[in-house]
Amino acid sequence: MTSPNSGAGASRRNFLGLVGLGTAAVAGGPLLAGCSEKPAGSGGAQNLDKFADLLPTHKDLALNLTPDVKGIRPVPDGYSKYPSTLVDAITDKPGTSGTQVTAMTPAWGPAPPGAAQSAYLQAVNAELGTPVNFTIQDGNTYADKLNAMLGARDVPDLLCVPGWEVEKIPRFSEAIKVLFEDLTDHLKGDAVNAYPMLATFPTGSWRNALWNERLMAVPNPTDGPFPWALFTRKDLLDERSLAVPKNLDELLTMAKQVTDPAKKVWAFSDAFAMIQMFHKVPGSKQGWRLKSDGTPEFKYETPEFRQALEVMAKIYKDGLVHPDLVASKGADAAQLFAKSGQVVFHQAGVGFWQGAQAEHQKTNPKLNIQPVPVFSATGGDPLVWGDDEPISYTFIKKGLAKERVEELLRIINWCSAPLGTQEAQLRDFGVEGKHHTRTPNGPVKTDLAFKEIANQFFFISGRNPTVGPFPDTPNLLQSLLAYSNDMVKYLEKDPWDGVKLEMPASYKANQVPIEDKFTDVLRGRRPLSDVDAIVAEWKANGGEEARQLLAGSLPKAGR
């Protein structure tokens, strides 16, 4: 697995959630501000290292698996061969009540069928002993649903909140306190031994699951630090004797060469995040960095952002973006790229690579998806956005009986089984003969698997991160880790690493409206001359307040 708004803290799959504003009343005032109100809440910061005594004790499972390719941290290790012998890691069914578990998770692409029509869900639920009933929401608009749900104070038993969406929900820490169970006493120290899969998670991932000085969620550790990559259809480039571009001039020249509306081929899906990265726009905490005098500045204020905005606006103006995507949020971009070849360069999370190659090579054996190595458009080494923060968090509804919370944690624990276990094979590949076929290299998914398996159980769990094996794309692991190990050398340093930030509510509430205004500029609906006014509006509506918070929350070593 691996996907985000146009900032860096976005995601690990092709996630592009846009937040909406909901309303709710809680003791002491509104939880989420309504559209007619200025959101209250000045934000806050906590040093996560102060709460080490609340974290679970790390303990590895003895599965005796040796990686074939070592990742340069935070890139995980890779496995090219599926284990020949699988372990039954969990002997007892985790579900004991038989009472249905409700859960909400995101999906990108067509929604999978529900349990009544899904052999996959039926098989996993049978192993769990207590059925999980998923509400699947469109990942592109997942934050809208989250805000409405939190505003209504109506949450399921298990709720997946992607890490990049946390950044956009006003007063999220207050919502957590009101709506979700405190898991500290269930999981801290040796208490986690009751859930041995959870004990294998990296300690840093647990650290990020702290809110309000308590352990409030189960993290889903990242299996790769990069939110974005720019992919190309190398098979289409090869047909035209074109090489993968190595700099911005080559990319833009090639974009004009491959765009041919008469043949229904365009160069790009929306690629603004990557265009920003090529120009070394800051990405930490969604776009912050420190100036030479030590004061924080946001990406909108930088000349690099202005350059990137101008380049992307010209890409749109020159007609190099697929017209079906110009007026949309890009929900069909992956299909236009990987299936039909109507898009030649596609921005997506790194995890997009293997899944798209595996699915679409069945109908197009020549398909060859490859990443374009990140380059600098301004000289010197490239800058690569990324972090090792969790992909997502699983929250448990507040107010459930202790026995029910423990049952839910056992279910999460089962779903978190690592590579080398029977549980992980069922979770990832479904039922042999239905969802996968056995090969010497491991299970290979069938068409039914691609229809029914949409990472439902992945998004209510986590696991000690690994990459591969990929039996249906056996050569991809080496390429993926070679790219990742090369790019990680240029990973941007985050001045606020180790600090949990709750950004001011006005700042969070204004993120999407401001991003929408820049989208209007990119797509020619507003002139570039409006940028200064947009930035001034951002400063007045939470930007300056956020700067003060960030300045005061810098770790002492960074002052």
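From the backbone phi of region 301-311, what are the Karplus-calculated ³J(HN,Hα) couplings (6.51 cos²θ - 1.76 cosθ + 1.60, θ = phi - 60°) in whole Hz, Gly and Pro given as x?
8, 9, x, 4, 5, 4, 4, 5, 4, 5, 5
In region 95-178, if the dipole is taken from +1 on Lys/Arg beta carbons and -1 on Asp/Glu beta carbons about the Cα centre, which of LEU150, ALA115, PRO162 is farthest to the positive end?
LEU150
Do the sum for the chain: with -39,500 (n - 2.57) for every DSSP H run of n ≥ 4, divided by all residues, what is the mean residue ellipticity at 222 nm, to the nearest 500 deg cm²/dmol? Walk me through the numbers on the way to the answer.
Working: 20 runs with 173 residues, N = 559.
One gets -8500 deg cm²/dmol as the mean residue ellipticity at 222 nm.
Could you calculate the FRET efficiency of ALA111 with ASP520 from 1/(1 + (r/R0)^6), where r is the beta carbon distance between them and R0 is 30 Å, rounded to 0.05?
Details: r = 30 Å, r/R0 = 0.99.
E(calc), rounded to 0.05, equals 0.50.
Among DSSP beta bridges whose residues both lie in the chain, state the antiparallel percentage, nearest 5.
In the chain, DSSP labels about 65 percent of beta bridges as antiparallel.
Let me check the size of the chain from its C-alpha atoms; what are the radius of gyration and Dmax in Å?
22.8, 65
In whole angstrom, note down how far apart the Cα centers of region 199-249 and region 492-559 are.
Measuring centre to centre over Cα atoms gives 22 Å.
Rounded to whole Å, give me the distance from the Cα center of region 266-292 to that of region 46-97.
Each part's Cα centre sits 32 Å from the other's.
Exactly which chymotrypsin sites (Phe, Trp or Tyr not before Pro) in region 284-329 are in a DSSP loop and have at most 15 other Cβ atoms within 10 Å?
Nothing satisfies the criteria.
Loop-only check: which trypsin sites (Lys or Arg not before Pro) in region 456-512 are DSSP coil with at most 10 other Cβ within 10 angstrom?
Passing both the DSSP loop test and the Cβ count: LYS493.
Here are some pairs, LYS50/LYS299; LYS285/LYS445; LYS264/LYS339; which of them have Cα atoms lying more than 25 Å apart in this structure?
Beyond 25 Å between Cα atoms: LYS50/LYS299; LYS285/LYS445.
Select from region 267-362 those GluC sites (Glu not before Pro) which occupy a DSSP coil region and have at most 12 other Cβ atoms within 10 Å, ordered by residue number. Mind dumping the intermediate values first?
Details: sites: GLU297, GLU301, GLU304, GLU310, GLU359; in loops: none.
Here no loop site has a sparse enough neighbourhood.
Taking the number of other C-beta atoms within 10 Å as the exposure measure, put GLU452, GLU403, GLU127 in order starting with the fewest.
On the way: GLU452 22, GLU403 10, GLU127 15.
Taking fewest neighbouring Cβ atoms as first place, the list is GLU403, GLU127, GLU452.
Is there a quick way to get the dipole size of the chain? I mean about its Cα centre, with the Cβ of Lys and Arg at +1 and of Asp and Glu at -1; what is the value in debye to the nearest 20?
Details: 59 positive and 64 negative charges, 97 e Å.
In debye, rounded to 20, the chain gives about 460.
Give, in nm to one decimal, the length gained when the segment between GLN257 and ASP532 is fully stretched (0.36 nm per residue of separation minus the Cα-Cα distance).
Full-extension gain reported as 95.6 nm.
Could you give the nm distance between label points at ASP318 and ALA126, where each point is 7 Å from its Cα heading toward the beta carbon?
Taking the two extended label points, one gets 5.6 nm.
The numbers here are math on the coordinates, done by the rules we state, and not lab data. Treat the numbers as computed from the prediction; the structure is a model and nothing was measured. Don't worry about glycine lacking a Cβ; one is built from the backbone with ideal geometry, like all the others, and counts go over all protein chains shown.
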